[in-house]
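Heads up, the thing below is written out as structure tokens.
The values are calculated or read from the model by the stated rules, or taken from the named source; none is laboratory data. Because the structure is predicted, anything quoted here is derived from the model rather than measured. For neighbour counting, all protein chains shown are included, and Cβ atoms are generated from backbone atoms with ideal geometry for every residue, glycine included.
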Amino acid sequence: MKSFTCQTSLLIVFLVHSNALAQNRFVPNYDETAIPAYELPPALVTNAGDSVTDRKLWENTRRPEVLEFFQSEVYGRCPAACEIKHEAVSEKTDAINGKAIRREVDVTMVTGSRSTTMRLLIYTPKSSSNVPVFIGLNFQGNHTIDPAKDISITKNWIRNRGGVKDNKATEATRGTAAGGRWPIETIIDRGYGLVTIYYGDIDPDFDDGFKNGIHRQFEQQMTPIPPGERWGSISAWAYGLSRAVDYFEQDDAIDAKRVAVIGHSRLGKTSLWAGATDPRFKLVISNDSGCGGAALSRRAIGETVARINTSFPHWFCDNYQKYNNNENACPVDQHMLIGLIAPRAVYVASATGDRWADPRGEFLSCVHADPIYRLLGTSGMGGESPPAEFPMAESPINSGHVGYHLRTGEHDVTDYDWAQYLDFADQHVK
Ligand code: GTR
């Protein structure tokens, strides 16, 4: 009897515990009919309730209001631009089958006695100068985008994935992101340069209360800012991208007026925020950026605000947590992030197998940003009005200033994606 009681109570404890676990486990919704009721905040109505019907009211009133909301409620406030210094590290004049000059340049961001150095890996076509460039952060180190043996390997913290152990990059990971993600030769053949930076040079991607990376450098500048509004890692990475453009202004090989910023996934969220905050990015590309990127948060399909704030609390500012399971209370949604880039060109891409990022929600952000683009004198997504239907896979929408495609396949960057970006760049930055 005693043992029966003991077993029974153990069973009860087990059942209660597993039930609690199940309740905490996040189960994503993928059912369009189960989306919560929502109304998007109006992009073209000022906080005072006035309809924005001309460029002046957008530029002077509504755009600053929207930017302010994204700073205080979503990504956090960045410090002002700092001084930069640069130093050449290496140069190879016959890279990429003799077609490109490949350089490594250290750009150091300086504030008083503190500094952070990011290493730029730069490819420019051999036969030209002052070229338009793509810039994109990479996940696992500059040496992963090209198998060349003489690209330096970062000593900074690296996420343990793709064969990385003990958070250290090694020889074994050279070239592991080459190819579809970084088709260097194709980019060079099309007349563009390519610049990449390991994102961990700017801020390591883990939650440590902002003790490291560029966050540490700006501790003092952040003190007067309310804690909930201080910059998260997405803001920090975007800040680094802007400082890279500061450097481009001093590099004759690169035309700092024709810069396209590209990013995948969390780095796609970053490219959108970089484009929203720095008008020097003439084309902004979001590859599979999903929640906190191009996808409308209010749909809560796949990854949600609550889920992303739980898994990655350091990406956004602390105020963003207010919108966990409470998206309707947020004064902005992600179509307004795309609107902040207007009238500059933006391209959003999704993949059919990337339901976690909500492809339809990414498309709808473009549709709802379209009126801002039209107000500013462009044709938005092209045609007389934005498309009424979610497009089929491999049917890019690219005739206006807001491009979109859905690609068959998984969460990744592929040759197909790059082919669309290069065509779009030919129209907007070349
Ligand atoms: C996932 C995250 C996504 C996306 C992705 C990535 O785990 O949920 O929002 O950013 O990581 O960046 O690889």
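Trp157 passes every criterion in (1) among the aromatic types (Phe, Trp, Tyr); (2) over 30 Å from Asp252 (Cα atoms); (3) surrounded by 22 or more Cβ atoms within 10 Å (Cβ to Cβ) apart from (3). Kindly indicate whether any position in the range 251-262 is surrounded by fewer than 18 Cβ atoms within 10 Å (Cβ to Cβ), more than 16 Å from the ligand (Cβ to nearest atom) and assigned to a loop (DSSP other than H, G, I, E, B). Yes. When residues in the range 295-308 are screened for being within 11 Å of the ligand (Cβ to nearest atom) and either of a type in the set (Gly, Ala, Ser) or under 21 Å from Pro204 (Cβ atoms) (or both), 3 of them pass. It is to be established whether one or more residues within the range 118-136 are within 16 Å of the ligand (Cβ to nearest atom) and part of a strand (DSSP E or B). Taking every residue of the range 118-136 in turn, at least one turns out to be within 16 Å of the ligand (Cβ to nearest atom) and part of a strand (DSSP E or B). Scanning the range 51-86 for residues that are closer than 25 Å to Glu219 by Cβ and either β-branched (Val, Ile, Thr) or loosely packed, with under 14 Cβ neighbours inside 10 Å (or both) yields Val74, Ala80, Ala81, Glu83, Ile84, Lys85.
Scoring Ala244 on the criteria (1) assigned to a strand (DSSP E or B); (2) more than 16 Å from the ligand (Cβ to nearest atom); (3) aliphatic (A, V, I, L, M) leaves a single failure, condition (1).
Of the residues in the range 317-335, not one is under 20 Å from Tyr239 (Cα atoms) and within 11 Å of the ligand (Cβ to nearest atom).
Condition check ((1) free of Cβ contacts under 8 Å to residues at least 60 places away in the same chain; (2) small (Gly, Ala, Ser); (3) assigned to a loop (DSSP other than H, G, I, E, B); (4) more than 16 Å from the ligand (Cβ to nearest atom)) across all residues:
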site: Tyr373; (1), (2), (3), (4): yes, no, no, yes
site: Gly377; (1), (2), (3), (4): no, yes, yes, yes
site: Ser385; (1), (2), (3), (4): yes, yes, yes, yes
site: Gly400; (1), (2), (3), (4): yes, yes, yes, yes
site: Leu406; (1), (2), (3), (4): yes, no, no, yes
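Checked against the criteria, Ser265 does not count as within 15 Å of the ligand (Cβ to nearest atom), polar (S, T, N, Q), more than 20 Å from Leu406 (Cα to Cα) and at pLDDT 95 or above.
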